[in-house]
Amino acid sequence: MSFFVIGINHKECPVAIREKLHFTNKQTEEALAEIRHFPGVSEMVILSTCNRVEFYGVSENSEIPEDAVLTWLEGVKKTSSLEFLPFLYRWQGKYAVRHLFRVAVGLDSLVIGENEILGQLREAFRLANQLETVHSLLYRLMEKALKIGKDVRTQTKINEGAVSIPSVAVELAEKIFGRLAGEKVMVLGTGEMSQLTLKNLKEAGACALYVVSRSEERGRLVAAEAEAEWVSLDGWYDYLAAVDILIASTAAPHPIVHFQQVGEVMKRRRHRPLFLIDIAVPRDIEPEVHSIDDVYLYNIDDLKSVAAANLKLRRREIEAADKLVEEAVLNFQSWLEQLAARPTLERFEKHLNEILEKELSSFIRDAGIGEEKKNEIRDRLRSKLLHAPFEKIKEASQNGGVTRYLEALRSLFKLD
Amino acid sequence: MTVSFTLLLLSGAAYFLGFLFHGLAFSGWLEKGNRPAFIALRIGFLLSTFYFTAQAMEQGFFLPVMNLSQALAFFAWSLAFVYLVLLVKAQSDSFGLILTPMLAGMIAASLLSFHLKTKPLPLLVNPFFTIHIVSAFFAYASFTISFGAGILYLIQHHELKTRHAGTFYHKLPSLEELEKLIYQPMSWGACLLLAAVGIGFMWSKSAYGEYWIFDPKTIATSVIALLYVAIVYLRAMTSLRGKQVALLSLAAFVLVLFNFVGTRFIQGSHNFLQ
C-alpha cells in the first residue's frame with residue numbers, strides 16, 4: 001500500500017494542455033466511477049483546477065499505476081499522452097504526502113498562499129467521498145491536508161494582503177473608507193476587469209450605483225447585472241459627486257476624467273474622500289487628479305505594485321509555512337508507520353500472552369494462588385515487558401526506522 | 001514604599017508591558033500580542049484608579065493635582081479613561097502602540113517626582129474646583145487622543161498618497177476610522193474645556209470674588225477652548241476634512257502642551273502650591 005500522485009500543473013505545463021486535461025465536477029464524478037475499478041488502485045481523488053490536474057491515490061503494491069491512469073486519460077480526453085508526458089510529475093510515499101500538503105497550503109499555487117485551492121481540494125475530497133473512492137488511508141490524508149492548509153493560513157501570513165487587481169482595489173477602498181458599508185460605486189466602461197472589480201467591491205459591502213458606457217444596450221445589460229443604473233457617457237459627470245469610488249476602464253484614447261472636473265466635484269462633496277481606480281490603458285483619468293486633497297487615484301501599474309508588495313510579504317512566510325508542512329508530513333508518516341507496525345505488534349503481544357499464561361498457570365497451581373491474582377500478575381508482567389519496546393517503536397516511527405525493529409521482532413520471536 | 005506608590009508603580013509597569021506586547025505585535029514577532037497588550041492597558045488603568053482612591057482616602061478629599069507627580073498620574077488616568085471607556089467603539093490596535101508608551105512615560109515621570117509632598121490651599125478643597133480640574137484634564141486627554149490619531153492619519157495618508165504598501169499601510173487603521181478618532185474626542189474635548197473654563201469662572205467668583213483673573217493659564221485655556229470649538233465647527237459646517245483636520249489637531253496640541261507645561265514657568269494665579 002502506498003500513496004501516489006500523478007499530475008500536471010501551471011509550473012511546467014502550458015495552459016493549452018492543461019485545459020485539454022481539465023475535469024469539470026460532472027466529469028470528475030464519471031472519472032471516479034471508472035477509476036475505482038482500476039486494478040491495483042484502492043483509493044482515488046481527482047483535483048482539477050485551472051492550474052492543475054492531479055490524481056491522488058493509494059496503490060495496492062509499491063508501484064505507481066501510471067500506465068493504467070495514462071491510458072485511461074488518453075481515452076477519456078481523446079489526446080495522446082506524448083503531448084503531456086514531458087510535463088507530468090509523479091510522487092510516491094512521503095513525497096506524495098508532502099506534495100499534497102504543499103498544494104493545500106498554497107505553496108504550489110501560482111499566487112502563493114491563495115485561499116481558493118483549499119476550497120477546491122475540499123470539493124475534490126467531497127466528490128471522492130460521495131462516490132466512495134476514498135477509504136481509511138486517503139480519507140485520513142485528505143483530512144490532514146485540509147487541516148494543514150487551514151493551520152498554516154492561521155499561523156503564518158501566507159495569505160495576507162491582496163494580490164490580484166480586484167482584491168487590491170477592495171483592500172485600498174477599505175484603507176480609505178474602513179469596512180465598506182454602502183459606499184457608492186460608478187463604473188466608466190464595461191470591460192471585464194472593471195466588472196470583476198465592481199463584483200469584488202460589492203461583495204465587500206459597497207453598492208453599485210451607476211454604469212457608464214457609450215453603448216446603451218451593453219451598458220444597460222451590465223447595469224442590470226450589477227443592480228445599478230445605466231448612465232450615458234455624455235452625462236456621467238453630473239453623477240460623480242454622489243459616488244465614493246470610481247472605476248474607469250473605457251477604451252478612450254485620451255483621459256476623460258480631468259483635474260478641473262474632479263476639483264469641482266470635491267468642493268461639491270465637501271471633500272469627502274474619493275477613490276479613483278483607473279484600469280484603462282491608455283489611462284482614463286488625468287494623473288494630476290491624485291494631487292487633490294482627499295482624492296486617491298490608482299492606475300493599473302499602482303495596483304500591480306501594491307499587489308507585488310503584498311506578494312513579497314507572502315514570500316517571506318514561505319519558510320515558516322514549509323516548516324509546518326514538514327512537521328505535518330513527519331506526523332503523518334509516523335502515523336502510517338505505526339499503522340503498518342500494528343499487525344506485528346499485535347502478534348508479538350499475543351505471543352507474549354501465550355508464554356505468560358502457560359508459565360504462570362503451572363506456577364500458580366503449585367503456589368496455590370487464585371485466578372484473579374494470576375491475571376493481575378500476568379497483566380503487570382506483560383505491560384512492563386512491552387512498555388520499552390513499544391516506546392522504542394513509536395519513537396522510531398517518527399524517524400522512518402520502524403521496519404528494522406519489526407523485522408527484528410519477527411525474526412527473534414518467530415512471529416511469521 | 002507606601003500603598004499608593006506601589007499601586008502607581010504597578011500601573012506604570014502594566015502600561016509598559018502593554019507597550020512591549022504592542023511592539024511585538026507590530027513588528028510581527030508576536031502576531032497575537034495586541035490582545036495581552038490591551039489586557040495590560042486595562043490592568044494599568046484599574047491600578048491607577050486604585051491609586052487615586054488610596055490617595056483620596058489618605059488625604060480625606062479628592063484633588064489629584066496638588067503637585068506635578070499627581071497631575072501627571074491623573075493626566076495618564078484621564079487619557080486611559082477616554083480611550084478605554086469613551087472611545088470603546090473606535091479603539092484600534094495600532095493606537096495602543098502610541099498610547100501605552102505615553103502612559104508608561106507619564107507614570108514614570110510621576111514616580112520620579114513622587115516624594116514631593118504639597119498641601120493644598122484650603123480654598124482649593126471645593127467641589128467646583130474639583131469639577132473644574134477633572135473637566136479640564138478630560139478635555140486635554142481627549143485632545144491628546146486626537147493628536148495621536150492625527151499623527152497616525154498623516155502616516156496612513158502619506159502611505160496612500162505615495163502608493164506605498166509598507167508596514168504602516170498594513171498595520172494602521174483606515175483613514176475613516178482615524179478621522180473619527182481625531183474628530184470625536186476633539187468635539188467632546190472642546191465641550192469639556194468650555195465647561196471647565198465656565199466652572200473655573202464660578203469657582204474664581206466664590207474664591208476671589210471675581211469671575212475673571214488675568215492669568216497666563218486662564219488666557220491660554222480660553223484660547224485653546226475657542227480654537228478647538230472653531231476646528232470642530234469648521235469640520236462640521238465646511239469642507240475641512242481629513243488631512244487638514246489632522247494637521248490642525250497637531251497644531252492645536254502644541255498650544256495644549258504649552259498650557260500644560262509652559263505656563264508652569266510663568267508666574268500667575270494658577271500657582272496654588274503652599
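Look at the range A:334-359: where a residue is over 25 Å from A:ARG380 (Cβ atoms) and a partner is assigned to a helix (DSSP H, G or I) and hydroxyl-bearing (Ser, Thr, Tyr), sitting 6+ places away or on another chain with Cβ atoms under 6 Å, you get A:SER334/A:SER397; A:GLU337/A:SER397.
Residues in the range A:164-207 that are within 21 Å of A:HIS271 (Cα to Cα) and away from chain B (no Cβ under 14 Å) were compared, and the one that is surrounded by the most Cβ atoms within 10 Å (Cβ to Cβ) is A:VAL187.
Pick from the range A:296-312 the residues that are surrounded by 22 or more Cβ atoms within 10 Å (Cβ to Cβ) and assigned to a strand (DSSP E or B): which of them is farthest from the other protein chains (Cβ to nearest Cβ)? By that ranking, first place goes to A:LEU297. Can you name the condition, by its number, that A:SER362 falls short on among (1) among the polar types (S, T, N, Q); (2) touching a Lys or Arg at 6+ places or on another chain (Cβ under 7 Å); (3) more than 30 Å from A:THR250 (Cα to Cα)? (2) is the only condition that A:SER362 fails.
Listed by position, the helices (runs of 4 or more DSSP H) inside the range B:165-263 whose residues that are buried (at least 16 other Cβ atoms within 10 Å of the Cβ), within 14 Å of chain A (Cβ to nearest Cβ) and not β-branched (Val, Ile, Thr) number at least 3 are B:167-171, B:175-208, B:242-260. Taking the range A:242-251 as the range and being in a loop (DSSP other than H, G, I, E, B), of a type outside the set (S, T, N, Q) and surrounded by 17 or more Cβ atoms within 10 Å (Cβ to Cβ) as the test, the residues that pass are A:VAL243, A:ASP244. Somewhere in the range A:31-54, is a residue in a helix (DSSP H, G or I) and exposed (fewer than 15 other Cβ atoms within 10 Å of the Cβ)? Yes, there is a match, as at least one residue in the range A:31-54 is in a helix (DSSP H, G or I) and exposed (fewer than 15 other Cβ atoms within 10 Å of the Cβ).
Residue count for the range A:390-416 satisfying the condition of being surrounded by 15 or more Cβ atoms within 10 Å (Cβ to Cβ) and within 18 Å of A:HIS351 (Cα to Cα): 6. Just the residues that are among the basic types (Lys, Arg) and in a loop (DSSP other than H, G, I, E, B), please, taken from the range A:126-168. The answer is A:LYS157, and nothing else.
Read-outs throughout are calculated quantities, based only on the coordinates presented, and are distinct from any laboratory measurement. Here the structure is a predicted model, which means the values were calculated and not measured. Every residue, glycine as well, gets a Cβ built from its backbone with ideal geometry; the counts of neighbours run over all protein chains shown.
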